[in-house]
Amino acid sequence: MNDLYLSLSTVIPPAEKGLMPRTLDSQITLEKTPSYFVTREAPRRICSMSHETKLIVVVRNPVTRAISDYTQTLSKKPDIPTFEELAFKNKSEGLVDSSWNAIRIGMYILHLENWLQYFRLSQMHFVSGERLITDPAGEMGRVQDFLGLKRIITDKHFYFNRTKGFPCLKKPESSSQPRCLGKSKGRTHVQIEREVIEQLQEFYRPFNIKFFETVGQDFKWD
Ligand SMILES: Nc1ncnc2c1ncn2[C@@H]1O[C@H](COP(=O)(O)OS(=O)(=O)O)[C@@H](OP(=O)(O)O)[C@H]1O
């Protein structure tokens, strides 16, 4: 379920690493569980483990995210209803089914409000899923700044792979070969009618606006 776009990483400071795998004081512990961001109990539990945890969330246009999510489910379960059947309670009235997970996950502001009951906004960093593709080094630069790390990953670590249609790593440390993400990342999405996309854009607009205002960043999803 296009996890990358709603993945949430937690970074535990050294003094509070008791419940995480052991690391040296010069290291940070990173853990990635995409579903945390949309799980009600997660902020309270993580906060009780370490209230100074840093949180990284990758977000993308919620409409594209929903289609990506559906495309991934469809690849595993080809018999599911169509996207339109799942996305609407009543399509002609434009009544979106916000209880369908693929739709609900993209209502980022609702999830964020839950996190903000336990963490300061300054403890959170939002990565643009769109820019992660168009400018991976820029996005990774901001992640490194947020983590208080030297900018070690830069432009020279990426190249654009035309076959894959995505940026790939030139040469990871563990190998002498370039490395792209796997086949399941960057699948061709199912075709969705323009009208349906517009209905969903309309549905998400107020949630997006409130999300942008809250995080102080405009992700330009219109
Ligand atoms: N460099 C690079 N290479 C390939 N794919 C990239 C890359 N950067 C970001 N993306 C986007 O990652 C999306 C899938 O990642 P996920 O974490 O959601 O996948 S998964 O849920 O763990 O399977 C995937 O979403 P879809 O395009 O919807 O498949 C990609 O758009």
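One table, with the values for the structure above:
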read-out	value
Condition met for Q191 (surrounded by fewer than 12 Cβ atoms within 10 Å (Cβ to Cβ), over 23 Å from the mean Cα position of the chain (by Cα), of a type in the set (S, T, N, Q) and within 16 Å of the ligand (Cβ to nearest atom))	no
Cross-chain or 6+ apart pairs with Cβ under 9 Å, the stretch 69-87 first and in contact (Cβ under 8 Å) with a residue 12 or more places away in the chain and closer than 10 Å to W100 by Cβ, then charged (D, E, K, R) and assigned to a loop (DSSP other than H, G, I, E, B)	L86/D97; A87/D97
Residue check, L86 away from the ligand (no atom under 16 Å from the Cβ), hydrophobic (A, V, I, L, M, F, W, C), over 18 Å from the mean Cα position of the chain (by Cα) and under 26 Å from R40 (Cα atoms)	yes
Out of V63, V57, sole residue that is within 28 Å of V143 (Cα to Cα), within 16 Å of the ligand (Cβ to nearest atom), part of a strand (DSSP E or B) and at pLDDT 90 or above	V57
Boolean, G148 is surrounded by 12 or more Cβ atoms within 10 Å (Cβ to Cβ) and small (G, A, S)	no
Candidates L112, L132, L116, filtered to the one that is within 12 Å of the ligand (Cβ to nearest atom), modelled with pLDDT of 95 or more and among the hydrophobic types (A, V, I, L, M, F, W, C)	L132
Residues located in the stretch 126-170, provided they are basic (K, R) and touching a Gly at 6+ places or on another chain (Cβ under 7 Å)	R131, R151, K164
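The values are calculated or read from the model by the stated rules, or taken from the named source; none is laboratory data. What you see is a predicted model, and the numbers here were worked out from it, not measured in a lab. Virtual Cβ from ideal backbone geometry, glycine too; neighbours counted across all protein chains shown.
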